[in-house]
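One structure is given here, and the rest of the page talks about it.
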Amino acid sequence: MQRVVVITGASGGIGAAIASELGRRGDSLVLAARTADALERVAATISSPTRVVTADVTRRADVERLRDQSIATFGRVDVWINNAGKGILRPVLELTDEDLDEMIDVNVKSALYGMQAIVPHFMQRGRGHVINISSFLARVPIASPRSAYSAAKAALNSLTANLRVDLQRAHPDIHVSVVMPGLVTTDFAAHARGSTGPVPPGAIGSPMQPQTAAEVATVVADLIDRPVPEIYTNPASSALATRYFEDVARFEREGQSRSR
Ligand SMILES: NC(=O)c1ccc[n+]([C@@H]2O[C@H](COP(=O)([O-])OP(=O)(O)OC[C@H]3O[C@@H](n4cnc5c(N)ncnc54)[C@H](OP(=O)(O)O)[C@@H]3O)[C@@H](O)[C@H]2O)c1
């Protein structure tokens with residue numbers, strides 16, 4: 001069935017790849033980000049009905065306008081993907097108030113605004129799917145220079161799980177999912193707060209093989225077809241998370257020797 005899908009952070013990287021994959025599957029799309037010309041370039045490559053909305057998702061009013069313009073264009077929203085996000089390159093002892101505030105604004109409040117904007121619409125319709133793009137770093141904090149980002153994504157995981165539980169009984173056809181990619185080859189590292197330029201994949205010590213944005217997009221598209229509460233996109237993630245929770249001290253010792 002053709003669905004109406006809103007994707008934030010769709011001007012590049014994973015968001016643009018999700019747009020491309022869903023467009024190929026025939027869904028109608030609303031693409032949001034701050035950079036209008038980049039959004040238009042992505043939209044121009046998609047053959048299914050697509051609307052572009054310029055929005056800064058750290059502003060609640062922009063997110064509510066995104067919802068209103070999406071419904072005005074397509075009559076409804078079936079899936080809302082909170083994908084916009086930003087990293088940081090700064091260890092815990094050097095974090096400033098501004099660092100933490102920006103990580104929370106762009107990675108947590110943005111998604112909270114999205115959930116609060118769209119879930120009442122889903123409740124009215126009795127169905128819908130919220131997908132929050134988090135990170136494996138929310139589950140296992142294996143990259144200390146990304147500290148405040150890991151913390152923000154961990155908060156996002158908690159909000160996502162709590163919303164899901166709140167809706168479960170009265171609204172069984174509203175799905176709430178969190179997606180936790182590992183390393184993905186986008187410009188994410190170069191866009192990170194405190195970054196001085198592109199960071200080669202693997203430079204922050206992840207034991208995982210990087211994935212492409214297209215690989216992550218396929219996982220997200222399949223998730224829409226078959227909703228589950230949580231999903232890792234990288235096949236190595238599940239075993240790594242299990243190992244972490246089995247024995248944190250051992251896991252961290254092994255990480256030290258890996259990064260030597
Ligand atoms: N790449 C990775 O290794 C990786 C791993 C795990 C999770 N993730 C997560 O995946 C998501 C996408 O990351 P990516 O790798 O595609 O990064 P990216 O290439 O840097 O793209 C980020 C996207 O978010 C948008 N964005 C940033 N701030 C925004 C704001 N305030 N308002 C609206 N849009 C905003 C950007 O567009 P504008 O600049 O035009 O606004 C861009 O479209 C993020 O949530 C990220 O945390 C990435």
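The values are calculated or read from the model by the stated rules, or taken from the named source; none is laboratory data. The structure presented is a predicted model; accordingly, all values stated were derived computationally and were not measured. Because the Cβ atoms are built from the backbone with ideal geometry, glycine has one as well, and the counts that use them run over all protein chains shown. Areas reflect the complete protein model, heavy atoms only, side chains present, ligands, DNA and RNA absent. Shrake-Rupley method; radii C 1.70, N 1.55, O 1.52, S 1.80 Å.
Mind giving me the FRET efficiency for residue 61 and residue 209? R0 is 35 Å, r the Cβ-Cβ distance, nearest 0.05 is fine. Working from the Cβ atoms, E equals 0.30. Considering only 194, 87, 12, the Gaussian network model of the chain with Cα springs below 10 Å gives its largest mean-square fluctuation to 194. Solvent-accessible surface of the chain, taken per residue with a 1.4 Å probe and all protein chains present: 47 Å². A compact globular protein would have a Cα radius of gyration near 2.2 N^0.38 Å; the ratio found for region 1-129 is 1.08. In terms of the mean number of neighbouring beta-carbon atoms within 10 Å, the peptides 233-242, 184-193 order highest first as 184-193, 233-242.
So, in Å, what gap is there between the alpha-carbon centers of region 106-170 and region 1-69? Each part reduced to its Cα centre gives a spacing of 19 Å.
Full extension of the chain between residue 73 and residue 47 gives 7.7 nm of extra length, using 0.36 nm per residue less the Cα-Cα distance.
Counting every alpha-carbon pair across region 108-171, the share separated by more than 17 Å comes to 44%. Taking the Cα centre of the chain as origin and assigning +1 to Lys and Arg Cβ atoms and -1 to Asp and Glu Cβ atoms, the resulting dipole is close to 360 debye. Once you have the Kirkwood Rh of the chain from its Cα pairs, apply Stokes-Einstein at 25 °C and 0.890 mPa s and quote D in µm²/s. Rounded to a whole number, D works out at 132 µm²/s. Here the accessible area of the chain is 51 percent carbon and sulfur, with a 1.4 angstrom probe and all protein chains present. Helical runs (DSSP H, four residues minimum) scored at -39500 (n - 2.57) apiece and divided by the length of the chain put the mean residue ellipticity at 222 nm at -14500 deg cm²/dmol.
Between the listed residues 152, 141, 122, the Cα displaced farthest toward the positive end of the dipole of region 96-192, a dipole computed from Cβ unit charges relative to the Cα centre, is found at 122.
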